[in-house]
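Just below is one structure, and these are the notes that go with it.
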Amino acid sequence: MNAIEVTGLRKSYGQVHAVRGIDLSIATGEIFALLGPNGAGKTTTVEILEGFRRRDSGDVRVLGFDPHNEGRAGREWRNRIGIVLQSTSDSGDLTVFETIDHFSGYYSNPRNVEEVINSVGLDEKASSLIRKLSGGQRRRLDVALGIIGNPELLFLDEPTTGFDPEARRSFWALIEKLRGNGTTILLTTHYLDEAEALADRVGVINNGQIIEISTPAELGGRSTAQALVTWRDGDAMKSEATDNPTSLVKKLTAQFDGEIPELTVTRPSLEDIYLTMIGISRE
Ligand code: ATP
């Protein structure tokens, strides 16, 4: 059974058609990243799946249940999901430990509080008041609150916004650990490297519609895209787009009789492909 099954999902706010017919299946144990520009409809979609927003039409099943009918009242269903929203409300007068410990009480099978604090890298801040945390540390606490209930399905809405590069890497390691436990994860992110590092599949959404769903390696024909070979020839930099970079490099090797000056061979990054897909060119 798929963890998430969505067909024909639609949602408007007055004249704004935020979600315009989305179909989406996410397998149990899969890490799926939803990508799209600001206002594309990601949060609306995710919040409908979480049971926080009403849809206008379409069919939605999350862990086998309709989040609108079952989710609101269904404590058992909510117990099985973890949520990290874009921003959380403040409970500034509690410590990190107290907050996570308090939240663990809402779940029937919570994870160990110390272990969770350790896994998000907040050991040294366990007894600090929340209002004294930095932005990135607050975000780590949000992630801790999302996983304390030991969820089968975890929703992460832009989880690493405000993280420094080191914290992002350790967050990625945490997600890999959760993957190892079989947790299904639906992630929204604006960081293409994050999607590439973590996601089994990505879905690109624009203007409320899914443009493509694919693996990060294959999105937008990336795996078969031409390579760009560049090198220096005297005073000038030369470049050539080719389906056969190896042949071209061989030819250049012969031409230069050895080392090719300033040689690079590149293929489009996930970000290049994504920007092309949503209609923004780098040039
Ligand atoms: P971001 O990357 O900025 O978080 P998003 O992809 O999550 O964007 P949504 O928040 O789903 O986008 O918004 C989709 C569209 O719906 C936008 O045009 C937004 O202005 C509109 N919208 C979202 N929530 C509401 C609301 N509560 N009332 C009215 N319009 C809304």
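The C-alpha atoms of the chain define a longest principal axis, and helix 165-180 lies at about 70 degrees to it.
In the chain, the longest principal axis of the Cα atoms and the axis of helix 245-256 are about 40 degrees apart.
In whole percent, what relative contact order does the chain give with Cα contacts below 8 Å and a gap of six or more residues? Answer for the chain is 20 percent. Computed about its Cα centre, the charge dipole of segment 1-142 is approximately 500 debye, with only Lys, Arg, Asp and Glu carrying charge at their Cβ.
Here the contact order of segment 226-266, divided by its residue count and restricted to Cα pairs under 8 Å and six or more residues apart, works out to 51 percent. Each 5 Å bin from zero holds the following percent of Cα-Cα pairs in segment 179-283: 2, 10, 17, 18, 13, 12, 10, 8, 5, 3, 1, 0. In straight-distance terms, cross-link reach from Lys132 covers every one of the aspartates and glutamates whose alpha-carbon lies under 19 Å from its own, apart from those fewer than eight places away in the same chain; here that gives Asp90, Asp93, Glu98, Asp101, Asp123, Glu124, Asp142, Asp164. Local charge for Ser108 was computed over the other residues whose Cβ lies under 15 Å away, with Lys and Arg +1 and Asp and Glu -1, and equals +2.
Our helix-only sum for the chain, with -39,500 (n - 2.57) per DSSP H run of n ≥ 4 divided by its residues, gives a mean residue ellipticity at 222 nm of -8500 deg cm²/dmol. Exposed loop sites here mean trypsin sites (Lys or Arg not before Pro) with a DSSP loop assignment and at most 16 other beta-carbon atoms within 10 Å; the chain contains its longest site-free run at 55-281. Taking a cut-off of 19 Å between Cα atoms, list the lysines near Lys250, but don't count ones fewer than 8 places away on the same chain. The reachable lysines, counting only those whose Cα sits under 19 Å from Lys250, are Lys238. What number comes out for the charge environment of Thr215, summing +1 per Lys or Arg and -1 per Asp or Glu over other residues with Cβ under 14 Å away? Charge balance in the 14 Å sphere: -3.
Laboratory data are not the source of any read-out in this text; all were calculated from the coordinates shown. Because the structure is a prediction, the values reported are computed rather than measured. All Cβ positions, even for glycine, are placed from backbone atoms using ideal geometry, and neighbour counts span all protein chains on display.
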